[in-house]
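Notes to accompany the following structure.
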Amino acid sequence: MTTPAQKGRFEPISEGLYGFSTSGTYFAVVRHLGKLIRRSLETDDRALAKRRLVDFRRTLERVDHKAGKITVAELAARHFATIQHRRKAASFPGVASRPGWSVNGREVLQ
């Protein structure tokens, strides 16, 4: 008689660090901005998992979540504003000859 395959479960190791029982892989389980985020740390070494957990938390703090709601036109305007002083007018074909470049009726480059 065969036994059914044993299901794995998450076992808490330390705050935010969990190990999966069957594979031994470590996972980050972090609550950020009200959301529970589970991410594999892709290692079975505890010391490396702890370092990756710290890096993962830093990455979450660095991401600007408000920037995800920016439109393409606004992004293009920001991009052109940052590189405009480095480029010649000929680098932007069709744009330099027009006084105002617009996307969907909104002026992007002046």
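The values are calculated or read from the model by the stated rules, or taken from the named source; none is laboratory data. Keep in mind that what you see is a predicted model, and the values were worked out from it rather than measured. In this analysis, Cβ positions are derived from the backbone assuming ideal geometry, glycine residues included, and neighbour counts consider all displayed protein chains.
Numbers for the structure displayed
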| read-out | value |
| --- | --- |
| Checklist (1) assigned to a loop (DSSP other than H, G, I, E, B); (2) in contact with a strand residue (DSSP E or B) (Cβ under 8 Å, 6 or more places away or on another chain); (3) at pLDDT 85 or above applied to VAL30, failing item | (1) |
| Filter result (exposed (fewer than 13 other Cβ atoms within 10 Å of the Cβ) and within 20 Å of HIS65 (Cα to Cα)) within the stretch 11-36 | ARG31, LEU33, GLY34, LYS35, LEU36 |
| Near pairs, Cβ below 7 angstrom, 6+ apart or cross-chain, from the stretch 30-58 (assigned by TED's automatic domain parsing to the domain that holds GLY16 and among the hydrophobic types (A, V, I, L, M, F, W, C)) to any residue that is surrounded by 12 or more Cβ atoms within 10 Å (Cβ to Cβ) and assigned to a loop (DSSP other than H, G, I, E, B) | VAL30/GLY16; ALA49/LEU41; ALA49/THR43; LEU53/GLY16; LEU53/LEU41 |
